[in-house]
Amino acid sequence: MGRWGELATQIHGEAGDERPPSIEEFLESNHQLFTVIGIFGALSVYLIKFQQSAAETGAATGSVGAILLLFLLTSSVAVRNSYRCTERARRHGAYLLVFGYAVFMYSFVTLVVSVVLVIVGRYAQGAESVLGSSFVYALVFLYVPFIFRADAFREFEGSSVAAAGVRRAPHFGAVVLAAWYAMQWYRGTPPALELDSAAYSIGIVASLVGNHFVLTAFAFGALWVGDRVVTAIRG
């Protein structure tokens with residue numbers, strides 16, 4: 001985060017005890033953020049005008065929703081940075097700086113509120129699609145490393161077949177789940193795909209994750225019990 005990271009990334013602690021940056025330092029440290037906000041703002045205006053002059057399509061609505069969300073996100077970061085500097089200036093008794101940062105903070109708050117109203121009023125569907133896709137990506141990104149690299153499986157690196165099988169329980173669950181869906185396709189009863197619906201996408205991915213977790217837990221439990229039984233018999 002550069003110079004700003006040294007001045008205002010923390011409210012408390014060592015960095016929080018430093019003097020508040022001047023308005024000039026604040027502008028210099030955040031000029032890249034302000035540039036990004038300006039780019040997203042200009043791009044959102046361009047896309048909105050383009051959509052109004054052309055036939056309204058779902059793709060255009062989604063692109064405008066995506067840009068507005070990015071605009072909202074970067075503006076929210078500016079609100080946070082302004083607030084942190086306002087709080088630091090207040091603690092140091094620099095009341096003129098408090099007023100200056102307050103102008104920045106509430107100007108960006110007004111901008112955030114305005115963008116939210118535009119999204120809710122006209123581009124809720126596009127924003128919902130982007131947020132739904134982001135949630136799906138985050139869920140898969142978090143779940144796959146968690147389940148395939150879980151520490152609980154690392155204890156089963158023994159030479160027995162059951163112990164080795166426990167380590168591969170997530171793979172077993174994935175194979176069974178894929179086989180079940182393949183069977184549904186083969187029978188001609190595949191699940192309906194509504195990729196344009198964010199709620200449906202979230203539901204289908206959450207269902208896949210839940211089913212895979214249950215299958216993995218079942219395989220883990222069965223193989224763990226089998227390993228214990230084999231160990232007891234040999235003992």
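What follows draws every value from the coordinates through simple rules; no lab data is involved. This is a predicted model, so every value here is computed, not measured.
With a ≥ b ≥ c taken as the square roots of the eigenvalues of the C-alpha gyration tensor of the range 79-150, please select rounded if a/c is under 1.5 and otherwise prolate if a/b is larger than b/c or oblate if it is not?
Judged from the Cα gyration tensor, the range 79-150 comes out oblate (a/c at least 1.5, b/c at or above a/b).
Kindly write out, for the range 20-35 in residue order, the coupling ³J(HN,Hα) from the Karplus curve 6.51 cos²θ - 1.76 cosθ + 1.60 (θ = phi - 60°), rounded to whole Hz, with x marking Gly and Pro.
The phi angles translate into x, x, 6, 4, 4, 5, 4, 5, 5, 6, 10, 5, 5, 5, 5, 5 Hz.
What list of ³J(HN,Hα) couplings, whole Hz, do you get for the range 102-116 from phi and the Karplus terms 6.51, -1.76, 1.60, once you set θ to phi - 60° and write x for glycine and proline?
Working through the residues one at a time gives 5, 4, 4, 4, 6, 5, 6, 4, 4, 5, 4, 4, 5, 5, 4 Hz.
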